[in-house]
Every structure is written in structure tokens, then in C-alpha cells.
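To start, the structure itself, in C-alpha cells.
FYI, it's all coordinate maths here, none of it is from the lab. Since the structure is predicted, the reported quantities are computational estimates derived from the model, not experimental observations.
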Amino acid sequence: MAESRTGATSATQIDTPAAREGGFSLRTTVFGSDELRRAQTRIAHEIVERNHGAAGVVLVGLHLRGPEIAQRLADAIESFESVRVPVGALDVEFYRDDIGLRRVHPLGHTDVPVDITGMVVVIVDDVLFTGRTIRAAMDALTELGRPRAIQLAVLVDRGHRELPIRADFVGKNLPTAEREDVRVRLRETDDVAADTIELWAPDGDT
């Protein structure tokens with residue numbers, strides 16, 4: 001689950017009526033489909049290199065888009081390692097530290113198909129922001145078993161951490177303003193023809 005708001009630099013600047021909605025304007029396309037595919041392939045290779053192979057690795061994606069990204073990483077690993085890495089899904093809504101401050105809306109089902117005890121669990125998410133979602137994910141994982149190690153893979157790290165959490169594998173480090181929003185759209189989850197990651201900013205921001 002992305003810790004939404006995001007920002008900063010990239011190639012395509014857009015300012016048209018079609019690129020404005022809900023008080024926000026599209027500023028930058030961070031990744032198009034080709035760049036995103038290359039970033040995912042690189043992350044898959046880095047996961048294998050860091051762990052000296054794919055044996056004993058399980059990918060656990062955080063809802064909403066993490067399970068789909070984890071599946072893509074598993075497909076990439078299988079293409080060059082000929083090893084099928086287990087893929088799971090995790091809903092962390094009931095483990096968040098603001099659970100008493102807002103209504104809880106479950107985002108999807110938790111399904112981790114293997115015993116994670118003694119495994120290297122790679123948490124997979126789209127955007128890393130404050131780190132609080134990842135802290136909740138680690139709490140949720142400890143109820144499923146005792147991993148040998150927990151690692152983190154994200155497509156975008158936008159900064160603004162509130163907890164001492166960092167990603168092990170990053171598609172792009174993207175400096176942002178807090179008011180900005182990083183929007184990830186994937187074919188599997190967002191009914192779009194092509195994957196994109198975009199930077200949006202409130203109207204009137206420069």
C-alpha cells in the first residue's frame with residue numbers, strides 16, 4: 001500500500017486541463033511502462049545478488065499494488081534463475097499505529113503460501129514515504145513466523161521518513177515535497193493501458 005503523497009523530478013512536464021483533477025495537477029511522469037519494466041528487472045537481479053540466489057526467498061506484497069509488483073518480480077527472477085519464488089499478499093490495516101484515530105478499511109486478503117520461519121522475506125510496496133506502513137507490515141509478519149531476515153523493495157522512495165526504516169531495493173529515489181502526491185497506476189489494478197508512475201502537486205504550487 002503506497003504511503004501516497006509524493007514528489008520531484010523527471011522528464012515530462014505536463015500542464016493541460018486533462019492533467020488536472022481534484023485540486024491537483026500532473027507535474028511529471030516519473031516512470032513510463034518501459035522504465036518501470038527495467039526498474040523491476042533490476043530490482044529482481046539485486047534481490048538475487050543480495051541473497052546469493054533465490055532459494056529461501058519469499059516476496060510479500062502489501063495491498064493495494066504490492067502483490068502485483070511482487071508477482072512481476074517473481075516472474076523476472078524465474079526468467080533468469082529458473083526458480084519460482086513464493087509470492088504472498090499482506091493487508092496491514094489492522095496493524096497500523098493510527099488504528100484508533102481513523103476508520104479501518106481492509107484493502108485485501110492476507111495470503112502467504114509458505115511458512116516464513118527461517119526465510120528471507122522481501123516486503124514489496126509501490127511507494128515508501130513515512131515508513132509507518134512498513135512498520136505495520138513487520139508487525140504483521142511476526143504473527144506468521146520468524147523470518148531469518150526481512151528486506152524491503154519499493155518502486156519509489158520519496159523521503160520524509162518518520163521511522164528509522166530504509167529500503168534495500170529501490171526503483172527510484174525521488175525527492176518530494178510533503179504536499180505532493182506520487183500516483184502509481186498498474187495495468188492489473190488500475191484499468192489502464194500502460195503502467196505509469198506520476199508526480200502530482202496541489203494546484204497553485206510552483
Using each residue's phi in region 43-58, evaluate 6.51 cos²θ - 1.76 cosθ + 1.60 at θ = phi - 60° and report the 3J(HN,Hα) Karplus result to the nearest Hz, with x for Gly and Pro. 4, 4, 5, 5, 4, 5, 5, 4, 9, 6, x, 9, 5, x, 9, 10
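With the alpha-carbon atoms as the only input, what is the per residue convex hull volume for region 29-131 in Å³? Numbers along the way, then the final one.
Numbers: hull volume 12.9 nm³, N = 103.
Enclosed volume per residue, from the Cα hull, is 125 Å³.
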Per-residue HN-Hα couplings for region 26-33, Karplus 6.51 cos²θ - 1.76 cosθ + 1.60 at θ = phi - 60°, whole Hz, x for Gly and Pro? 6, 9, 8, 8, 6, 9, x, 4
I need the phi-derived Karplus couplings for region 115-126: 6.51 cos²θ - 1.76 cosθ + 1.60, θ = phi - 60°, integer Hz, Gly and Pro marked x. 6, 7, 4, x, 9, 8, 9, 9, 6, 10, 9, 7
Between SER79 and HIS109, 0.36 nm times their residue separation minus their Cα-Cα distance comes to what? 8.0 nm
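By how many nm would the segment from ASP191 to ASP168 lengthen if fully extended, with 0.36 nm per residue of separation less the alpha-carbon distance? Show your work: numbers first, answer last.
Numbers: separation 23, 0.36 × 23 = 8.28 nm, distance 2.95 nm.
In short, 5.3 nm is gained.
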